[in-house]
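The values are calculated or read from the model by the stated rules, or taken from the named source; none is laboratory data. Predicted model only: the values in this text are computed from it and were never measured. Methodologically, a virtual Cβ is constructed for each residue, glycine included, from the backbone with ideal geometry; neighbour enumeration extends over all protein chains shown.
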Amino acid sequence: MVATPRPGSPYHGRPTSSMSTHSKIEEDLHDVAGIDYDKVTIKRNPSVAVLYEEALTYEQGTVISSAGALCAYSGKKTGRSPLDKRIVQEETSDKDIWWGPVNTPISEHVFSINRERAIDYLNTRPRLYVFDGFAGWDPKYRIKVRVVASRAYHLLFMRNMLIRPTDEELENFGNPDFTIFNAGEFPANRYTTGMTSTTSVSVNFKRNEMVILGTEYAGEMKKGIFTVMHYLMPKAGVLSLHSSANEGPDGDVSLFFGLSGTGKTTLSADPKRQLIGDDEHCWSDEGVFNIEGGCYAKCIDLSAEKEPAIFNAIRFGSVLENVVLDEETRVVDFSDDFLTENTRCSYPIDYIPNAKLPCMGGHPKNIILLTCDAFGVLPPVSKLTPEQVSYHFISGYTTKVAGTEDGLTEPTPTFSACFGSPFLVLHPQRYATMLADKMSQHKANAWLINTGWIGGSAASGAKRCPLKYTRMLLDAIHDGSLEKGNFETFEVFGFQVPTDVPGVPSELLNPRKAWTGDDAEFTASLNKVAGMFQENFKTYESGATAETIAAGPKA
Ligand code: ATP
Ligand code: MN
């Protein structure tokens, strides 16, 4: 596609093929959304270089890092806004949706008000950016996604995160299956029925549209598409999963489930294994496929030594969000959390040297549930029975450590069904049942890995399980040696825990032995955490089998 040279370009005025006639994208956006192409310049699937130029020219604060990444700033919102997410209640999807705190209904009328507000705003912009791409690597299940955004930063982000079409695919793209209107620079109207703040993220399964107002956090778009896949895929008999995935030299696939910060991205980037994806997957009758075309890594305290693959992916084309740089050298200080602890980088998956393209694999051999337990009571690795997997998948336990300063804050437990309740659309039991069926059909092994604290709680000043040991435990899972070793039963939770793993201090494997404080204190903490599991599981007891319920901890 040839674009008209910018004013001031030495070859401005040189005729191009796209002059005078209106392009299909201009006509489409006019027809579907009333975008006035006489006033608004629409750029479809611009190159990385053009998006850099536009972001640097028009978006305040945007700079280039010393490594060549585009450093953009999302303003007030530096994380998702789950409380401002709404799902349109309409007859085509109403009966399927898990209504409640995760999926809060709004009417079709209110959606129209938000949509109109977003489009009115987009129409005031001199430039709009459109990206057409795919979600889902398996051509059988992929959906065509269109992103319409006022910020070049947002478009580059989605260019990284969606699957980039070939020239031919773009040429024959046709109409999208789903469209995101991102007017995040402009607030929602708080007096609109059902709005509780100036931020609004609404999804409409009948119109196949998502409208964003009042948040410029780019992750909202990627997780919006994930939500859509959580609705569409199970209907097609495919299980959508909040997990990363990689593949060993013999073609054995591992899935890593876990909530934010538990290690999906970090642990799936493994030089010994090919990366299928770091966050969102589907498991069909043919195997596993990634939903995304890129990765979205946490950057806080990132180092070239500990996470070389991710560190080296930060270069021209990558988008760094909300990081602090040296004024002069433009070197990023990854330890600086002045703007947020949630500093991030998005990059195309092929920036990871051993990415597997296309991002698909066979049926998983190992299912790894990740948790980051700040109470220091769960073993760094445990082998799970199928019933324990069901119990812990529905529970989705991890902890958040609020202000990490001084290591003195009390950890906050989080239970998030299927390790991703903010993205679930159907009742959690529906995903859990599909997982159990697929695991038994394909005889997958299952493990629970605690990447959190060991030796004491976060509040006691203990440390997280060193990354190098977690990696060794994974190596032992993958080379099959862990399975063949000796196990003991871990109290209360009933897990099988290995007694020795080469290279890993054996006292680390059993949290009671690793505990540096008082033994009675460990017992109390362990029972406290077990009690929290039991309390949380009450909501799911009516839908769960007796075997699953029995697989929970016994406080
Ligand atoms: P999100 O869903 O938000 O993308 P994620 O599960 O991908 O989250 P990561 O980005 O992998 O989470 O974050 C894990 C963080 O924890 C990284 O910053 C990593 O350096 C740190 N970490 C510390 N110790 C460990 C460990 N033993 N295993 C894994 N990660 C660890
Ligand atoms: Mn991640």
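Quick look at the values:
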| read-out | value |
| --- | --- |
| Filter result for Gly194 (assigned to a loop (DSSP other than H, G, I, E, B), free of Cβ contacts under 8 Å to residues at least 60 places away in the same chain and in the same structural domain as Tyr217 (by TED's automatic domain parsing)) | no |
| Close pairs from the range 289-318: first not assigned by TED's automatic domain parsing to the domain that holds Val332 and away from ligand 2 (no atom under 16 Å from the Cβ), partner among the acidic types (Asp, Glu) and assigned to a loop (DSSP other than H, G, I, E, B), Cβ under 9 Å, at least 6 apart | Phe289/Asp138 |
| Sole exception among (1) touching a His at 6+ places or on another chain (Cβ under 9 Å); (2) at pLDDT 95 or above for Gly531, by number | (1) |
| Residue in the range 158-175 that is in contact with a strand residue (DSSP E or B) (Cβ under 6 Å, 6 or more places away or on another chain), within 19 Å of Ser74 (Cβ to Cβ) and part of a loop (DSSP other than H, G, I, E, B) present | yes |
| Asn445 closer than 23 Å to Thr266 by Cβ and either surrounded by fewer than 19 Cβ atoms within 10 Å (Cβ to Cβ) or of a type outside the set (Phe, Trp, Tyr) (or both) | yes |
| Contacts under 6 angstrom Cβ, first residue in the range 363-385 being among the small types (Gly, Ala, Ser), partner in a loop (DSSP other than H, G, I, E, B), 6 or more apart | Ala374/Val401; Ala374/Pro411; Ala374/Gly452; Gly376/Gly456; Gly376/Ser457; Gly376/Ala462; Ser382/Phe495 |
| Residues of the range 294-304 that turn out to be away from ligand 1 (no atom under 11 Å from the Cβ) and either more than 14 Å from the chain's Cα centre (by Cα) or among the aromatic types (Phe, Trp, Tyr) (or both), as a count | 1 |
| Selection count, the range 251-271, where residues are outside any loop (DSSP other than H, G, I, E, B), within 9 Å of ligand 1 (Cβ to nearest atom) and aliphatic (A, V, I, L, M) | 1 |
| Candidate set from the range 53-83 (those that are closer than 30 Å to Phe423 by Cα and part of a helix (DSSP H, G or I)); member that is farthest from the chain's Cα centre (by Cα) | Ala55 |
| Answer from Phe419, Phe423 - the residue that is at pLDDT 95 or above and in contact with a helix residue (DSSP H, G or I) (Cβ under 6 Å, 6 or more places away or on another chain) | Phe423 |
| Set Glu387, Glu328: member being of a type in the set (D, E, K, R) and touching a helix residue (DSSP H, G or I) at 6+ places or on another chain (Cβ under 8 Å) | Glu387 |
| Residue list for the range 272-293, restricted to those being crowded, with 24+ Cβ neighbours inside 10 Å and either among the β-branched types (Val, Ile, Thr) or away from ligand 1 (no atom under 16 Å from the Cβ) (or both) | Ile276, Cys282, Trp283, Val288, Phe289, Ile291 |
| Test result for Val145, more than 18 Å from the chain's Cα centre (by Cα) and at pLDDT 95 or above | no |
| Near pairs, Cβ below 9 angstrom, 6+ apart or cross-chain, from the range 116-127 (within 13 Å of Arg151 (Cα to Cα) and assigned by TED's automatic domain parsing to the domain that holds Asp38) to any residue that is of a type in the set (Asp, Glu) and crowded, with 16+ Cβ neighbours inside 10 Å | Tyr121/Glu185; Arg125/Glu185; Arg127/Glu54 |
| Residue check, Asp373 closer than 21 Å to Leu70 by Cβ and charged (D, E, K, R) | no |
| Set Ser260, Ser243, Ser202: member being crowded, with 24+ Cβ neighbours inside 10 Å, within 16 Å of ligand 2 (Cβ to nearest atom) and either more than 16 Å from Cys282 (Cα to Cα) or of a type in the set (Ser, Thr, Tyr) (or both) | Ser243 |
